[in-house]
1. Please find, within the stretch 178-222, the residue that is nearest to ARG240 (Cα to Cα) out of those that are of a type in the set (A, V, I, L, M) and either in contact with an Asp or Glu (Cβ under 6 Å, 6 or more places away or on another chain) or free of Cβ contacts under 8 Å to residues at least 12 places away in the same chain (or both).
2. Checking ASP86 against (1) surrounded by 11 or more Cβ atoms within 10 Å (Cβ to Cβ); (2) closer than 26 Å to ASN214 by Cα, only one condition comes out false. Which one?
3. Taking the residues in the stretch 26-51 that are closer than 21 Å to ILE216 by Cβ and charged (D, E, K, R) as candidates, determine which candidate is surrounded by the fewest Cβ atoms within 10 Å (Cβ to Cβ).
4. Any idea which of LYS352, LYS418 is within 15 Å of ARG442 (Cα to Cα), surrounded by fewer than 16 Cβ atoms within 10 Å (Cβ to Cβ) and touching a Ser or Thr at 6+ places or on another chain (Cβ under 8 Å)?
5. Among the numbered conditions (1) of a type in the set (D, E, K, R); (2) modelled with pLDDT under 70; (3) in a helix (DSSP H, G or I), tell me where LYS296 comes up short.
6. Restricting to the stretch 201-243, and then to whatever is hydroxyl-bearing (Ser, Thr, Tyr) and in a loop (DSSP other than H, G, I, E, B), can you tell me which residue is surrounded by the fewest Cβ atoms within 10 Å (Cβ to Cβ)?
7. Taking the criterion of being touching a Pro at 6+ places or on another chain (Cβ under 8 Å) and of a type in the set (D, E, K, R), would at least one residue in the stretch 139-148 satisfy it?
8. Identify, please: which residue in the stretch 223-263 is under 23 Å from the mean Cα position of the chain (by Cα) and of a type in the set (Lys, Arg) and is, among those, nearest to THR447 (Cα to Cα)?
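The values are calculated or read from the model by the stated rules, or taken from the named source; none is laboratory data. All values derive from a computational prediction rather than experimental measurement. Don't worry about glycine lacking a Cβ; one is built from the backbone with ideal geometry, like all the others, and counts go over all protein chains shown.
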Amino acid sequence: MAKYDLSWTERDDLPARAVRTVHAARRVWRRFWRVVSRFMPKRLYARSLIIVIAPMILLQSVIAFVFMERHWQTVTQRLSQAVTRDIAAVIDIIETYPQENDYAEIIRIAQERLALQISIEPSEPLPPPAPKPFFSILDRTLGEEITQQIGRPFWLDTVGNSNIIEIRIQLDDKVLRIFARRSQAYASNTHIFLLWMVGTSLVLLTIAVAFLRNQIRPISQLAEAAESFGKGRPTPSDFRPRGAEEVRRAGTAFLQMRERIERQMEQRTAMLTGVSHDLRTILTRFKLQLAIASSKADIKALDQDIEDMRSMLEGYLAFARNEASEDPGKFDLAAFLEKMEEEAKLRGAHLKTALSGEREVLVRPNAFTRLLTNVIGNAFRYAPSTAVEARHGGGMLVITVDDDGPGIPPEKREDVFKPFVRLDTARNQDESGTGLGLSIARDIARTHGGDVILDDSPLGGLRVIIRVPA
């Protein structure tokens, strides 16, 4: 016993080793699961099929292995016992009632009563043992029964003709040769069970596939409706909550959420429209009062202030409204780039454009025009040279705007997207000077399901990357 005693140090170290073992097992499990996850399907339909098919295959495999093995072994053993008893009875008749050379009656009895084809041949050495088949349950069982019941040298062939088995038994001065049907000694109808099992599995699988398609279709439609709403497109007209109760609840919640958002946007737009109308009325009275004022000294400065207020008001309203109520339509990228080239000539700027893929894209045209105008206009204002590249394909539109201007420091690039924030370089100002240019651009891109990202330009200035699903 002393050699199994642990020292105090080893005893104290047992919990720590157990914890390390558990952590190592967890790491191995996580690594294994990551490898398995790479090969697992990503779609819900395929995963649901695996959830249905895997237990079915596992269950039927266990049933086939346990039941069929016992069935084959038990039935084959009993059939082999019966055939061996018949052979033993024939041998007893031959040895009990010896005849000179005429065994016709014994052969007739074996054929008619026992369904065995026998022949009694002169004594000769038995053939060498035949090679054993891979699945040798009949060969093994029948051989064991002959050894146990008859106890004489024998030769057995179960490999040749698939419907006939041959048995040769060495007697004292002769050889008994027996031909029997395989079905007499072997459970040969087990394929019916396999056919029933496979057939019912296919029927159940067909029902499961049809049911899963019916259940997953509402989820796919809900995802498409949410994606369309996120891109600023109208919800499909045939969309309505379908499927299981949980899916119906999700669809109903989505419709209610969409209605609340649209109602809130409409209320906000109506409120801002009313506010802008009232402010425009006040500004109009100011302009009339300035027009009839007798002193002309400060009229020009005041008139400029009123114009700036009007421009700022329009900018605030456009930012808040963001053309959300506009319906999607076709936007011609090539025509817009040509228009930008003409504007670059008027401004005296250098513009290089490139377009690859389809020239038309489905967006909200007015809002998307404002997005590109804000971004490219900033490049015109603060850089001598600008390059615009548009790539449309694979369900995505990517527009890259490069310039050789002063750029924006990396730590301040997210700040320029905040409303009313203006840096010293004023890269996010629009014509009104409100600091809403890039804020409006990103807001429009995100309502289309995309985004606007800033990066370093190979020209030395700022790169603006616009990504929008299309």
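1. Here is the first cut: in the stretch 178-222, the ones of a type in the set (A, V, I, L, M) are 178, 180, 185, 187, 192, 194-195, 197-198, 202-205, 207-210, 212, 216, 219, 222.
So of that shortlist, the ones also either in contact with an Asp or Glu (Cβ under 6 Å, 6 or more places away or on another chain) or free of Cβ contacts under 8 Å to residues at least 12 places away in the same chain (or both) come out as 192, 195, 198, 202-203, 207, 210.
Working: ILE192: 47, LEU195: 43, VAL198: 39, LEU202: 33, VAL203: 31, ILE207: 25, ALA210: 20 Å.
Within the stretch 178-222, the match that is nearest to ARG240 (Cα to Cα) is ALA210.
2. Just one mismatch for ASP86, condition (2).
3. Ranking the qualifying residues of the stretch 26-51, first place goes to LYS42.
4. None of the other options fit; the residue is LYS418.
5. (3)
6. Initially, the stretch 201-243 is screened for residues hydroxyl-bearing (Ser, Thr, Tyr), giving 201, 206, 220, 228, 235, 237.
Filter once more, so that each one left must be in a loop (DSSP other than H, G, I, E, B): 235, 237.
On the way: THR235: 15, SER237: 6.
Ranking the qualifying residues of the stretch 201-243, first place goes to SER237.
7. Yes: the stretch 139-148 contains one or more residues that are touching a Pro at 6+ places or on another chain (Cβ under 8 Å) and of a type in the set (D, E, K, R).
8. The extreme case among them is LYS231.
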